[in-house]
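One structure below.
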Amino acid sequence: MGYFITFEGVEGCGKTTQIKMLSDNLLKLGYSTKLTREPGGCKISDKIRSILLDAENSGMSPLTELMLYAAARAQHIEEVIVPSIESNKIVLCDRFSDATVAYQSYGRGIDISIISTLNSYACQGITPDLTVLVDCEPSLGLMRARKRIEESAGPREERFELETLAFHNRVRKGYLQLASEQSDRFLIVDGSDTIEAISAAIATKVLPRIPEKLRAVC
Ligand SMILES: Nc1ncnc2c1ncn2[C@@H]1O[C@H](COP(=O)(O)OP(=O)(O)OP(=O)(O)O)[C@@H](O)[C@H]1O
Ligand SMILES: [Mg+2]
């Protein structure tokens, strides 16, 4: 079996930047990685992603949002995550089930028990071995994310970026709460640092946790 690492944190904290850098580091060391993301990661889930992140869908109800995340996750788990873990890969997933707790429970106010039930159906017993929380002030992350959206040519995917700062502060609080409750699984890094310093901190903390035997079997 492989090893499952998720990256979490508020908008623009640097997840996508850092997950690619960790993947590159692992490939150089001889590991085989599968880089994926949520919502999305496969054709059907990417279609759900475009509904979820489209700013035109500002009227989406919190419960619809939650169910769409769960549907996208169920497909992604079955089609991508489980097969990749079974083929001894290090699976690196940009956001996963903790995001649903942070955004839909702490952010939107949906009862945590509903979220836990849906997550457990969607995940089929799969939980991350390790979760890297890239923590920063939401105001800093949102500034970076907005700049990236303005500069990129792809779909704007900004429904969450348009939420209030109070919403994003609740999301950050949720992530920090999860990390304090499950401190064995979570590693927190300071997302306000430079890209290089964060990458070095992640490598120092993550590499010793990865089973050495995975290098040989990949
Ligand atoms: N530590 C950093 N310092 C300065 N800029 C950064 C840092 N990390 C990332 N950036 C830049 O900020 C923008 C957002 O970074 P990135 O896309 O990695 O964040 P993210 O957490 O994946 O965002 P999202 O939640 O929107 O997916 C990018 O343009 C990236 O180049
Ligand atoms: Mg990203």
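The values are calculated or read from the model by the stated rules, or taken from the named source; none is laboratory data. These figures come from a predicted structure and were not determined experimentally. In this analysis, Cβ positions are derived from the backbone assuming ideal geometry, glycine residues included, and neighbour counts consider all displayed protein chains. All accessible areas refer to the heavy atoms of the entire protein, side chains included, with ligands and DNA or RNA removed. Shrake-Rupley method; radii C 1.70, N 1.55, O 1.52, S 1.80 Å.
Data table
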item	result
Every residue from the range 48-105 that is open to solvent by less than 40 Å² (accessible area, probe 1.4 Å), closer than 24 Å to VAL171 by Cα and of a type in the set (S, T, N, Q)	SER97, THR100, GLN104, SER105
Residue within the range 169-181 that is at pLDDT 95 or above, open to solvent by 40 Å² or more (accessible area, probe 1.4 Å) and over 13 Å from TYR103 (Cα atoms) present	yes
Matching entry among GLY9, GLY2 (being of a type outside the set (S, T, N, Q), farther than 16 Å from LEU133 by Cα, surrounded by 21 or more Cβ atoms within 10 Å (Cβ to Cβ) and at pLDDT 95 or above)	GLY2
Selection count, the range 106-120, where residues are in contact with a Lys or Arg (Cβ under 9 Å, 6 or more places away or on another chain) and open to solvent by 70 Å² or more (accessible area, probe 1.4 Å)	1
Among the residues listed as ALA203, ALA197, the single one being more than 28 Å from SER50 (Cα to Cα), more than 16 Å from ligand 2 (Cβ to nearest atom), without any contact (Cβ under 8 Å) to a residue 40 or more places away in the chain and hydrophobic (A, V, I, L, M, F, W, C)	ALA197
Residue selected from the range 19-46 under the condition touching a strand residue (DSSP E or B) at 6+ places or on another chain (Cβ under 6 Å), open to solvent by less than 60 Å² (accessible area, probe 1.4 Å) and not β-branched (Val, Ile, Thr), by the criterion farthest from ligand 2 (Cβ to nearest atom)	TYR31
Selection count where residues are open to solvent by less than 70 Å² (accessible area, probe 1.4 Å), away from ligand 2 (no atom under 16 Å from the Cβ) and not hydroxyl-bearing (Ser, Thr, Tyr), scope the range 130-143	1
Residue check for GLY141: touching a Gly at 6+ places or on another chain (Cβ under 8 Å), farther than 14 Å from ALA70 by Cα and at pLDDT 95 or above	yes
Flag if LYS34 is of a type in the set (Lys, Arg) and not in a helix (DSSP H, G or I)	yes
Residue check, ARG215 under 18 Å from LYS28 (Cβ atoms), assigned to a helix (DSSP H, G or I), touching a residue at least 24 places away in the same chain (Cβ under 8 Å) and open to solvent by 60 Å² or more (accessible area, probe 1.4 Å)	yes
Test result for CYS136, touching a Cys at 6+ places or on another chain (Cβ under 6 Å) and either within 15 Å of ligand 1 (Cβ to nearest atom) or on the phi > 0 side of the Ramachandran plot (or both)	yes
